[in-house]
């Protein structure tokens with residue numbers, strides 16, 4: 001894998017316009033209205049509130065499944081337990097915690113928090129409705145085209161399937177892609193398992209090995225970008 005930096009981009013008003021369009025979207029309001037935010041303490045219905053990075057051109061794009069409750073409340077991506085996990089993973093791979101938000105453009109396959117559901121005796125985040133994913137797919141495609149990352153990191157099965165659909169690929173299961181890297185035009189995609197504490201995928205040793213291989217790929221790619229001066233676009237790469 002050879003990861004070369006892009007030419008230094010100018011700030012794109014096109015990206016600002018896309019950001020405003022996404023944040024103003026309410027197309028899933030009827031779907032979200034069927035689900036509570038965090039029962040039983042918060043039975044109010046979920047309202048459309050797209051969560052994503054502020055607009056900037058980045059060498060790395062991280063795509064998750066959907067915002068969680070913490071992100072819904074804060075308005076910021078990757079803030080909850082899964083966010084802490086992925087930030088820690090990136091730190092192990094060479095992206096410092098203090099530079100993560102300047103280096104990694106963060107988004108998800110579904111832009112809005114899907115609400116919570118009961119699983120036995122506890123409540124957990126719902127997976128996004130297929131209609132939500134379908135309505136968000138055009139946004140995701142435009143984000144990738146305009147942000148123009150050199151490296152796309154897919155976190156979990158929902159994100160992996162969203163990227164496969166955008167590329168016209170047959171849908172694959174998570175175990176077939178975690179720990180692999182694929183070319184997509186002039187960029188690369190690295191597939192990782194979701195870092196959410198609720199995910200059971202990493203309970204198996206073979207899947208932990210796949211995840212470790214994916215982390216080594218990410219560490220290698222981050223190292224190449226930093227060495228070439230392309231890790232942080234438009235900013236001096238210093239602490």
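The values are calculated or read from the model by the stated rules, or taken from the named source; none is laboratory data. Since this is a predicted model, take the numbers as computed values, not measurements. Here the Cβ positions follow ideal geometry from the backbone for every residue, glycine too, while neighbour counts run over all protein chains shown.
Just a few scattered comments:
- Qualifying residue in the stretch 194-209 (condition: over 21 Å from residue 113 (Cβ atoms), crowded, with 22+ Cβ neighbours inside 10 Å and within 15 Å of the chain's Cα centre (by Cα)): no
- Screening residue 134 on (1) under 27 Å from residue 43 (Cα atoms); (2) at pLDDT 95 or above; (3) assigned to a loop (DSSP other than H, G, I, E, B) shows it passes everything except condition (3).
- Looking across the stretch 189-207 at every residue that is at pLDDT 95 or above and touching a helix residue (DSSP H, G or I) at 6+ places or on another chain (Cβ under 7 Å), the one that is nearest to residue 69 (Cα to Cα) is identified as 193.
- Which numbered condition residue 47 fails, given (1) under 21 Å from residue 18 (Cβ atoms); (2) without any contact (Cβ under 8 Å) to a residue 24 or more places away in the chain; (3) in contact with a helix residue (DSSP H, G or I) (Cβ under 9 Å, 6 or more places away or on another chain): (1)
- Checking each residue of the stretch 50-73 against the condition of being part of a strand (DSSP E or B) and closer than 20 Å to residue 28 by Cβ gives at least one match.
- The residues of the stretch 29-47 that are assigned to a loop (DSSP other than H, G, I, E, B) and closer than 17 Å to residue 75 by Cβ, listed by number, are 46, 47.
- Considering residues of the stretch 3-36 that are in contact with a helix residue (DSSP H, G or I) (Cβ under 7 Å, 6 or more places away or on another chain) and modelled with pLDDT under 90 only, the residue farthest from residue 213 (Cα to Cα): 12
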